[in-house]
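Structure first, commentary second.
The values are calculated or read from the model by the stated rules, or taken from the named source; none is laboratory data. Owing to the predicted nature of the structure, the values given are computational and were not obtained by experimental measurement. All Cβ positions, glycine included, derive from the backbone under ideal geometry; neighbour counts span all protein chains shown. What goes into the accessible areas is simple: the full protein's heavy atoms, side chains included, and nothing from ligands, DNA or RNA. Shrake-Rupley method; radii C 1.70, N 1.55, O 1.52, S 1.80 Å.
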Amino acid sequence: MNVGRFARQLGFSLAGVLVFTGFSPSRALAQDHDAHMMTSQHQQQTAEQRKQANALVKTVREATERFLNVRTVSEAETEGYGLLFGCVSGGDFGAMGLHFVNFPLVADGKVDAATPEIVLYEPTSNGRLRITGADYLVFAADWDKTHMSAPELNGQLFHFFEAPNRFGLPPFYTLHVWAWKDNPNGTFTNWNPKVSCDGFNPQNP
């Protein structure tokens, strides 16, 4: 599945987004997607917040561990996940890596910790892919229709991306969870300085 096909399949959502230009309280409450480092809020978590964060990481691992020990991503692709956007790099900030997106989960306008919309992989130097975590994504137009606040999971507030953006998507909320690879900037930060796109071969994803 390529970006163009993905956008066409989401035509019904895009139409609603393109005419929506009003202010949304939920977007104002979302995190800034350009936040690359942990904030003091994250560094000074309470015991309950740490418990919730650990529980979310555990849920992501349980939801994706079946993708750990396969040589390719065929298992994920069988379940409807397809590569989009190539390998996403943030330069000095690190990378997000490869996004294998499940279109029906994105299109349902919901977020559920047990069913991530995206499985994240990192290309390795030997040509294989290694799972690094998951990414939750919901279009702002779909979410804002029924919510007055930005989405969150286990107390983790989603980041908001305006449009236009590098992904060619309408405005959306997203939350990365680095469940299988440590991120020194924070488990829920968009960019991971330990992830690299150097090993990406678009001819053999």
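Return yes or no: is residue 171 farther than 16 Å from residue 97 by Cα, in contact (Cβ under 8 Å) with a residue 40 or more places away in the chain, open to solvent by less than 20 Å² (accessible area, probe 1.4 Å) and not acidic (Asp, Glu)? Here the answer is yes, as residue 171 does meet what is asked.
Selection over the stretch 174-195 of residues that are surrounded by fewer than 18 Cβ atoms within 10 Å (Cβ to Cβ) and either out of contact with any strand residue (DSSP E or B) (no Cβ under 6 Å at 6 or more places or on another chain) or among the aliphatic types (A, V, I, L, M) (or both) gives a count of 4. Of all the listed residues (103, 160), the sole one being open to solvent by 10 Å² or more (accessible area, probe 1.4 Å), touching a residue at least 60 places away in the same chain (Cβ under 8 Å) and under 12 Å from the mean Cα position of the chain (by Cα) is 160. In summary, residue 155 fulfils each of the numbered conditions (1) surrounded by fewer than 20 Cβ atoms within 10 Å (Cβ to Cβ); (2) farther than 23 Å from residue 57 by Cα; (3) touching a residue at least 24 places away in the same chain (Cβ under 8 Å) with the single exception of condition (2). Restricted to the stretch 97-135, and to residues there that are over 17 Å from residue 68 (Cα atoms) and out of contact with any strand residue (DSSP E or B) (no Cβ under 9 Å at 6 or more places or on another chain), the residue that is modelled with the highest pLDDT is 104.
Listed conditions (1) in a loop (DSSP other than H, G, I, E, B); (2) at pLDDT 95 or above; (3) in contact with a Pro (Cβ under 6 Å, 6 or more places away or on another chain) are all met by residue 183, apart from (3).
The set of residues in the stretch 124-152 being of a type in the set (Val, Ile, Thr) and surrounded by fewer than 22 Cβ atoms within 10 Å (Cβ to Cβ) consists of 124, 146. Selection of the stretch 53-86 for residues being more than 13 Å from residue 119 (Cα to Cα) and modelled with pLDDT of 95 or more yields 53, 54, 55, 56, 57, 58, 59.
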